[in-house]
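Working notes, beginning with the structure itself.
Values quoted throughout were computed directly from the atomic coordinates according to the rules given, and no laboratory measurement underlies them. Since the structure is predicted, the reported quantities are computational estimates derived from the model, not experimental observations. Here Cβ is always computed from backbone atoms with ideal geometry, including for glycine, and neighbour counts include all displayed protein chains.
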Amino acid sequence: MPRWRRALTGWSFAAPFTVLFLVFALLPVVASLVMSVTDLRATDLRHPLAVNFVGLGNYTRLFEDALFRRAAVNTLVFVVIGVPLTIVLAMAAANGLNSGLIRFRALFRVGFYLPVVTSIVAIAVVWRFLLDPDAGIVNSLLGAVGIDGPAWLQDSRTSLGSIIAMAAWRNFGSLMVIFLAALQSIPVDLYEAATLDGAGRWQQLRRITLPLMRPALLFGAVITGIGYLQLFEEPLVMTQGGPLSSTLSMSYHIYNQFGFGNYGYAAAASYVLFVAIVALSALQFRLLGARDGTS
């Protein structure tokens, strides 16, 4: 068969996916990038070619906007605290299940993983009831021991922390499954040899477990970081970004701006978030990636 005919056959099979990718993936990305350098608003949708080119004006407005800066700081705090907390909880759960000291391990695995596959909206609503300052279970338990619990979601000092705790509780189950698989792939002989050499549990964790789990830790950190940078559903359902914008995230701010019809401004904010995701992922690969030719 001639080369051109083989190429034509291959492109014929690839054409459906290529067309779908161009129309529904690449074209919207390019359109949003163009939108980010224009002053397109909802009132311009009937005449999209009549909008003005503003260059980097939208990006300049972003960093002059106090509300966007507040949303960026909230998102940064959420990621800096939430990602390590989720990883630590997942590691603790995986180590506990892998140790063999816990009975009914299958039940615990299902229980830890169940929040991951449950609707985030349902979970957020339940947590909003749990943290209710008057009738919530959390404050009721604190009151039983003489502690006056705060208004968790209505106080700007505790609202973001409450959402971080809920997000870590909901998401550590998926990382636990990944870490548990990584732990079970480590040869037991290494631990036996380390024990004979006098290494304690902490030394084994530091010298054997963590180095051999680096690929799993990297994967978990990257997917968790990307997900947490796109924080949206939790503040939408639980706090609507309040109080006093203390739980307003970048994704929620972008959503609001699209709702207000500020399409060019919102598109620019979306690309700033995209750059933040790329930068965080690159940093995580730098810190947790392979070293000295090993993985």
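Karplus couplings for the stretch 160-176 from phi (6.51 cos²θ - 1.76 cosθ + 1.60, θ = phi - 60°), rounded to Hz, Gly and Pro as x?
The phi angles translate into 5, x, 5, 5, 4, 4, 5, 5, 5, 4, 6, 9, 5, x, 5, 5, 4 Hz.
May I ask which residue of Pro215, Pro16, Leu196 lies farthest towards the positive end of the charge dipole of the chain, with charges of +1 (Lys, Arg) and -1 (Asp, Glu) on Cβ and the Cα centre as origin?
Selected residue: Pro16.
Take Ile102 and Val121, extend 7 Å from each Cα along the Cα→Cβ direction, and tell me the distance between the two endpoints in nm.
3.1
When volume of the Cα convex hull per residue in Å³ is calculated directly from the model, which label among (1) 240; (2) 140; (3) 150 fits?
Derived directly from the coordinates: (1).
What list of ³J(HN,Hα) values in whole Hz, one per residue of the stretch 57-73 in order, does the Karplus curve 6.51 cos²θ - 1.76 cosθ + 1.60 (θ = phi - 60°) give from phi, with Gly and Pro shown as x?
For the stretch 57-73, the Karplus-derived couplings read x, 5, 5, 5, 4, 4, 7, 8, 8, 4, 5, 5, 4, 5, 5, 5, 5 Hz, x marking Gly and Pro.
In the Gaussian network model of the chain, springs joining C-alpha atoms below 10 Å, which of Val125, Val19, Val110 carries the largest mean-square fluctuation?
Among Val125, Val19, Val110, the largest mean-square fluctuation in the Gaussian network model of the chain belongs to Val19.
In whole Hz and in residue order, list the ³J(HN,Hα) couplings for the stretch 127-140 that follow from phi through the Karplus curve 6.51 cos²θ - 1.76 cosθ + 1.60, θ = phi - 60°; x for Gly and Pro.
After applying 6.51 cos²θ - 1.76 cosθ + 1.60, I find 5, 5, 6, 4, 9, 4, x, 9, 10, x, 5, 4, 5, 5 Hz.
Give me the orientation-averaged projected area of the Cα convex hull of the stretch 65-139, in nm², one decimal.
Seen from a random direction, the Cα hull of the stretch 65-139 projects 7.5 nm² on average.
At a 10 angstrom cut-off on C-beta neighbours, averaged per residue, how do the peptides 204-216, 240-252, 24-36 rank from highest to lowest?
240-252, 204-216, 24-36
Once you sort the root eigenvalues of the Cα gyration tensor of the stretch 144-295 as a ≥ b ≥ c, which label holds: rounded (a/c under 1.5), prolate (a/b larger than b/c) or oblate (the other case)?
Judged from the Cα gyration tensor, the stretch 144-295 comes out oblate (a/c at least 1.5, b/c at or above a/b).
Roughly how many debye, to the nearest 20, is the charge dipole of the stretch 137-295 about its Cα centre, given +1 on each Lys and Arg Cβ, -1 on each Asp and Glu Cβ, and no other charges?
Charge dipole, the stretch 137-295, about its Cα centre: 280 debye, nearest 20.
Loop-only check: which trypsin sites (Lys or Arg not before Pro) in the stretch 98-188 are DSSP coil with at most 10 other Cβ within 10 angstrom?
Loop-located and lightly packed - Arg103.
Going by Cα centres, the stretch 28-93 and the stretch 105-165 are how many Å apart?
What the calculation gives is 29 Å, centre to centre.
Please state the equivalent ellipsoid semi-axes for the stretch 1-87: what are the square roots of 5 times the Cα gyration tensor eigenvalues, largest first, in whole Å?
Here the semi-axes work out to 40, 26, 10 Å.
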